Amino acid sequence: MAAGKGTRLNSKRPKVLHEVGGRALLLHVIAAAKMLVPAEQIYCIIGHEAERVRAAAASTGVNFVVQQPQQGTGHALQVLKLMLLASGKPLPSHLLVLSGDAPLIRAETLEALCHLHMQERAAMTILTAVPQDPTGYGRVLRLTPGQPEVVAIVEQKALTPAQLAVPEINSGIYCFETAALFGKLEMLSNNNAHGEYYLTDVAAYLVADGLRVVALQSGSVDEVLGANTIAEMMHLDQAMRAATARRLMAQGVTIFRPDTCVIDAEVNIGPDTVIEPYVQLLGATRIGSECLIRSYSVVQNSELGNSVTVRNGCILDHAAIGDGALLGPYAHLRPDSRIGENAHVGNFCEIKKTTLGRGSKANHLSYLGDAVIGENVNIGAGVITCNYDGEHKHTTTIGDGVFVGSDSTLVAPISLGDGSFVGAGSCVTHPVPAGSLAIGRAHQITKQGWVTARRAAASKPEKKD
């Protein structure tokens, strides 16, 4: 279910595309569903900002069903029913209905729900929870306390004074026998304050026909609840990130002050790696074993090998770092940066679309863009690859064992052969053959005594007319 607008968020973005744990709500739910069935058996019902939601989830491989207009959860299933019948394919025996805004739902919980559904031979099985304050949620009324049998789901506005004390709420996640569900959908009415067709009404219809409706209480309230406000969404984000930190620490990762770190749900880290406070690890970042990520660094969608040290304040975005590399402090690695084993990228260096070979070093204040740099190269302080001519980007190629002196500018397209040297302060505009020395700077002129003469001239009194 991903068709809702989420008006209480006061946001132009579709509700299911808001992010927690570094990923859209809907993508978390789809990921859990894909652990039970293949993508081609998943149907995503979209409506508000339908094409935007479709584009965000297209890579998951799921099917899309458009609900226009959006007239409630029951109407959403009516639209799905029509689409499945029109497809001519055999109907599935059972349907698992998920909420696109419940990102903490676990595949294990869904498996338990389906297991109970089949075990009880139920027409409908409801996933429930018991929050501290159930106000605002529909209540699940059981036939006998402690037993799975359910007699009805009652919305908050329809509760009697006695029913207000019922603590168990409906999560909006269900398992249905398809034939039983589809047989009752046309009975739904929108004769209510919101003019919508409520899927919850199906429970009473099934019970009235003598069919079994049962419930499974989730062990975690956060797991099943969605978010109707930004504040509630940030509560889910905090819960997800805390769970991610616990998972990583259980795998042997040391995280100092995990409450200060921002670690997305997809991040994976090897054992014996140390994460200092105030680190952000985002997207699909992968970090090997025995690494050190120091405070205030931001690593996004990057892959780090083993024994990598990232000193304070580094920014890595779609970069690949080899084993034993040393970065920072305050290095900026932009997309398509590839740093070889035991290479160094130091203070205030910026790397973009560049390969820095094994054992090479760029330790100070350099910009290296659109470059291919070999092994054991020394890049001096302040070196720049001039890769842009105002219209096009050009490549700088530097061979193995090259020494580039400080404050040099390499005007691409250009190549420096293996073992060549570039004198400090040079502007190099032509290829440098292997084993050669290139010096491209103005000749120094030294005027002895110039300062003394200048001061003497300045100290003479001015002549008066």
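The values are calculated or read from the model by the stated rules, or taken from the named source; none is laboratory data. Quantities reported herein were computed from a predicted structural model and do not represent experimental measurements. Positions of Cβ are backbone-derived with ideal geometry, glycine not excepted, and every protein chain shown enters the neighbour counts. Heavy atoms of the whole protein, side chains included, go into the accessibility calculation; ligands, DNA and RNA do not. Shrake-Rupley method; radii C 1.70, N 1.55, O 1.52, S 1.80 Å.
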Number of positions in region 164-184 that are open to solvent by less than 40 Å² (accessible area, probe 1.4 Å) and either among the aromatic types (Phe, Trp, Tyr) or part of a helix (DSSP H, G or I) (or both): 7
Residue match in region 372-380 (condition: in a loop (DSSP other than H, G, I, E, B) and farther than 18 Å from Ser337 by Cα): yes
Cβ-Cβ under 7 Å pairs, at least 6 apart or on other chains, region 159-187 side among the β-branched types (Val, Ile, Thr), far side open to solvent by 40 Å² or more (accessible area, probe 1.4 Å): Ile169/Tyr137; Thr178/Leu91; Thr178/Pro92; Thr178/Ser93; Thr178/His94
Qualifying residue in region 391-413 (condition: assigned to a loop (DSSP other than H, G, I, E, B), over 18 Å from Ala362 (Cβ atoms), open to solvent by 40 Å² or more (accessible area, probe 1.4 Å) and of a type in the set (Lys, Arg)): no
Given (1) under 41 Å from the mean Cα position of the chain (by Cα); (2) farther than 24 Å from Asn387 by Cβ; (3) aromatic (Phe, Trp, Tyr), number of the condition Trp450 does not satisfy: (1)
Ser297 vs. criteria modelled with pLDDT of 95 or more and in contact with an Asp or Glu (Cβ under 7 Å, 6 or more places away or on another chain): no
Unique match (being touching a residue at least 12 places away in the same chain (Cβ under 8 Å), under 22 Å from the mean Cα position of the chain (by Cα) and over 26 Å from Gly219 (Cα atoms)) among Ala76, Ala58, Ala33, Ala50: Ala50
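For every residue, the table says whether it meets (1) under 17 Å from Ile373 (Cα atoms); (2) open to solvent by 20 Å² or more (accessible area, probe 1.4 Å); (3) part of a loop (DSSP other than H, G, I, E, B); (4) out of contact with any Gly (no Cβ under 7 Å at 6 or more places or on another chain).
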residue: Ser307; (1), (2), (3), (4): no, yes, yes, no
residue: Asn312; (1), (2), (3), (4): no, yes, yes, no
residue: Leu316; (1), (2), (3), (4): no, no, no, yes
residue: Ala320; (1), (2), (3), (4): yes, yes, no, yes
residue: Gly324; (1), (2), (3), (4): no, yes, yes, yes
residue: Tyr330; (1), (2), (3), (4): no, yes, yes, no
residue: Pro335; (1), (2), (3), (4): yes, yes, yes, yes
residue: Arg338; (1), (2), (3), (4): yes, yes, no, yes
residue: Glu341; (1), (2), (3), (4): yes, yes, yes, no
Sole residue being open to solvent by 50 Å² or more (accessible area, probe 1.4 Å), more than 30 Å from Val20 (Cβ to Cβ) and at pLDDT 90 or above, chosen from Ala158, Ala86, Ala122: Ala86
Members of region 186-197 that are at pLDDT 90 or above and part of a loop (DSSP other than H, G, I, E, B): Leu188, Ser189, Tyr197
Answer from Thr409, Thr397, Thr452 - the residue that is of a type in the set (Ser, Thr, Tyr) and free of Cβ contacts under 8 Å to residues at least 24 places away in the same chain: Thr452
Residue match in region 185-197 (condition: open to solvent by 50 Å² or more (accessible area, probe 1.4 Å) and of a type in the set (Gly, Ala, Ser)): yes
Residue that is closer than 30 Å to Arg8 by Cβ, open to solvent by less than 70 Å² (accessible area, probe 1.4 Å) and within 15 Å of the chain's Cα centre (by Cα), where the choices are Ala239, Ala265, Ala227, Ala215: Ala265
Positions within region 414-432 being of a type outside the set (Ser, Thr, Tyr), open to solvent by less than 70 Å² (accessible area, probe 1.4 Å) and part of a loop (DSSP other than H, G, I, E, B), in sequence order: Gly417, Gly419, Gly423, Ala424, Gly425
Cβ-Cβ under 6 Å pairs, at least 6 apart or on other chains, region 228-257 side free of Cβ contacts under 8 Å to residues at least 60 places away in the same chain and assigned to a helix (DSSP H, G or I), far side open to solvent by 40 Å² or more (accessible area, probe 1.4 Å) and of a type outside the set (Asp, Glu): Ala245/Pro258
